[in-house]
Amino acid sequence: MIKERIARERKKSDERIKDAVQEAEKLAKMNRDQKNQYELEKVLKENQELKAEKALNQMKDETRLMLKEAGVDNVDDQVVKIMSP
């Protein structure tokens, strides 16, 4: 069990390293304007992801409040079930 977990973590780490190397190679091939455009797109994508995460958290909070007001027990369990795809 521990060996499996170590193997999974090592695989994740190797994938992150591989991604970082690919990113560095990609950036090395770009000129300054391309790099700036790429960085801008990356920041915009991250911004969109953070906004989506924030909206989901707000919806979860509202759902928790509504369930609590309705007298539902195990509110967090219910929120997970409701908000899961």
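Bear in mind these aren't lab numbers, they're just calculated from the coordinates by the rules spelled out. Nothing here was measured: the structure is a model prediction, and the numbers come from that model. Quick reminder, even Gly has a Cβ in these numbers, built from the backbone with ideal geometry, and neighbours come from all protein chains shown.
So the values come out like this:
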item	result
Among (1) -0.76, -0.95, -1.06, -1.09; (2) -0.86, -0.95, -1.04, -1.08; (3) -0.87, -1.08, -1.20, -1.23, the entry derived from the coordinates for log10 I(q)/I(0) by the Debye sum over Cα atoms at q = 0.16, 0.21, 0.24, 0.25 Å⁻¹	(2)
Those lysines that a straight Cα-Cα span of less than 28 Å connects to residue 26, excepting residues fewer than 8 apart in one chain	11, 12, 18, 35, 42, 45, 51
For peptides 65-76, 1-12, sequence by mean Cβ density within 10 Å, most packed first	65-76, 1-12
Cut-off 13 Å between beta-carbons: net charge of the residues surrounding residue 64, Lys and Arg +1, Asp and Glu -1	-3
Value of [θ]222 nm, deg cm²/dmol, for the chain, DSSP H segments ≥ 4, -39500 (n - 2.57) each, nearest 500	-31500 deg cm²/dmol
